[in-house]
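Enquirer: The structure under discussion is supplied below as structure tokens; questions concerning it will follow.
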Amino acid sequence: MNNPLRPEHFAREDDGDDALFYDFARLVTHIDDDAIAALSAHYARTIPANADVLDLMSSWVSHLPADLVLISIGVLPNTELAEAAGLEVGNGIVVDEMLATADPAISAIGDCAAFPCRHSQRNPTRLEAVQNATDHARCVADRLTGKPHPYTALPWFWSEQGKLRLQIVGLTGGSDRNVLRGDPANGEFSVFCYREGHLLGVESVNRPADHAHSRRLMTAGRQISPEQAADESFDLRAAAAARG
Ligand SMILES: Cc1cc2nc3c(=O)[nH]c(=O)nc-3n(C[C@H](O)[C@H](O)[C@H](O)COP(=O)(O)OP(=O)(O)OC[C@H]3O[C@@H](n4cnc5c(N)ncnc54)[C@H](O)[C@@H]3O)c2cc1C
């Protein structure tokens, strides 16, 4: 998937007063010692670019019995067919806001499509997530059936990592202020990510209600302030449900 919990999210000790100090890797290993979580944590934090992966893995997991170790890293879009068709290809097959390539007979959707995303300043964006793939499909289906419209869906993501339910709404890259709601110590918290006071997205760990309310809030184009986000007594549900 899009890996919204990017490596730079795992350690923010240098962020000054706004630092969240939440350390996903430490949290995972603290509350869940199963092998998947431990590997994820180590892997996200510490792998050097030129590391010998097998050596690293064997040193990290020497205490874990295993019949088979499967290492899967990264995703590359298959763009060869588009290239052969003479279409523009960058980080994926380049499409416009209607998800059409320069050839009006060819659209690209899902993981392989680089589209101008309204939730990322219309920068070419390629997402790897089920929501994106299915909403892309709906958008193109609408166009093909005579109801054309630009793709505007709000991105959201989820993943289960051991006991951790990770849910993200919005695209949080480029945030300049990250506000904590909840308590990392008990493994349930959300991070509200802002840029220049504008809520970009919310990343939640074991806080499904935060995710649901934030999605509703952002889908409606509404905002809450960083102070409201940080205040546990602030009624997020009511803010999400408010009209106008
Ligand atoms: C291990 C893993 C875990 C994931 N977990 C999550 C998750 O928790 N949450 C989430 O939202 N997303 C998750 N994803 C991402 C999600 O699966 C993808 O975003 C989604 O499947 C993308 O759908 P798609 O239709 O764009 O591409 P795909 O599902 O990859 O389908 C593309 C199809 O096109 C076929 N194909 C490729 N080239 C050609 C060709 N030249 N001719 C004919 N057929 C071709 C492929 O074989 C494939 O069947 C995960 C992905 C992986 C790999």
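Enquirer: Counting Lys +1, Arg +1, Asp -1, Glu -1, what net charge surrounds residue 109 among other residues with beta carbon under 14 Å of its beta carbon? Intermediate values should be presented prior to the final figure.
Expert: Numbers: positive: 126, 138, 143; negative: 96, 97, 111, 128, 135, 142.
Summing Lys and Arg as +1 and Asp and Glu as -1 gives -3.
Enquirer: Provide 98, 218 ordered by accessible surface of protein heavy atoms (probe 1.4 Å), highest first. Numbers along the way, then the final one.
Expert: Numbers: 98 55, 218 30 Å².
Result of the area sort, largest leading: 98, 218.
Enquirer: Also: All other residues with a Cβ under 12 Å from the Cβ of residue 240 taken together, and with Lys, Arg as +1 and Asp, Glu as -1, what is their net charge? Don't skip to the end; give the middle numbers.
Expert: Working: positive: 215, 216, 222, 237, 243; negative: 210, 235.
Result for the local shell: +3.
Enquirer: With θ taken as phi - 60° and the coefficients 6.51, -1.76 and 1.60, list the Karplus ³J(HN,Hα) couplings across the stretch 190-199 in order, rounded to whole Hz; mark glycine and proline as x.
Expert: Whole-Hz 3J(HN,Hα) from phi for the stretch 190-199: 10, 10, 8, 9, 10, 10, 6, x, 9, 6.
Enquirer: Assuming 0.36 nm per residue, please report the length gained on full extension of the stretch residue 185 to residue 242 beyond their Cα-Cα distance. Intermediate results must be reported in sequence, preceding the final value.
Expert: Values: separation 57, 0.36 × 57 = 20.52 nm, distance 3.13 nm.
Extending this stretch completely gives an extra 17.4 nm.
Enquirer: One-quarter of the Cα convex hull surface for the stretch 156-244, in nm²? Before the final figure, lay out each step's value.
Expert: On the way: hull surface 22.2 nm².
Over every viewing direction, the Cα hull of the stretch 156-244 projects on average to 5.5 nm².
Enquirer: Here is a follow-up. Please give the charge dipole size of the stretch 80-144, origin at the Cα centre, charges +1 on K and R Cβ atoms and -1 on D and E Cβ atoms. Round to the nearest 20 debye.
Expert: On the way: 5 positive and 10 negative charges, 53 e Å.
My answer is approximately 260 debye.
Enquirer: Further question: Probe radius 1.4 Å, ligands and nucleic acids ignored: give me the carbon and sulfur share of the accessible area of the stretch 156-244 as a rounded percent.
Expert: Numbers: 1970 of 4160 Å².
Answer for the stretch 156-244 is 47 percent, counting heavy atoms of protein chains only.
Enquirer: Counting only other residues whose beta carbon sits under 13 Å from that of residue 79, what net charge do I get with K and R as +1, D and E as -1? Numbers along the way, then the final one.
Expert: Numbers: positive: 126; negative: 80, 83, 88, 111.
Combined, the nearby Lys, Arg, Asp and Glu give -3.
Enquirer: How much accessible surface area, in Å² rounded to 10, belongs to the heavy atoms of residue 160 with a 1.4 Å probe?
Expert: Spelled out: residue 160, probe radius 1.4 Å, area about 110 Å².
Enquirer: Using the crude model of +1 on Lys and Arg Cβ and -1 on Asp and Glu Cβ, and no other charge, please compute the dipole size for the stretch 156-244 relative to its Cα centre, in debye to 20. Could the numbers behind the result be given before it?
Expert: Working: 11 positive and 11 negative charges, 73 e Å.
Using only the charged Cβ atoms, the result is roughly 360 debye.
The values are calculated or read from the model by the stated rules, or taken from the named source; none is laboratory data. Here the structure is a predicted model, which is why all the values come from computation and not from measurement. Backbone-built Cβ (ideal geometry, glycine too); neighbour counts: all protein chains shown. Ligands, DNA and RNA are excluded from the accessible area calculation, which covers all protein heavy atoms including side chains. Shrake-Rupley method; radii C 1.70, N 1.55, O 1.52, S 1.80 Å.
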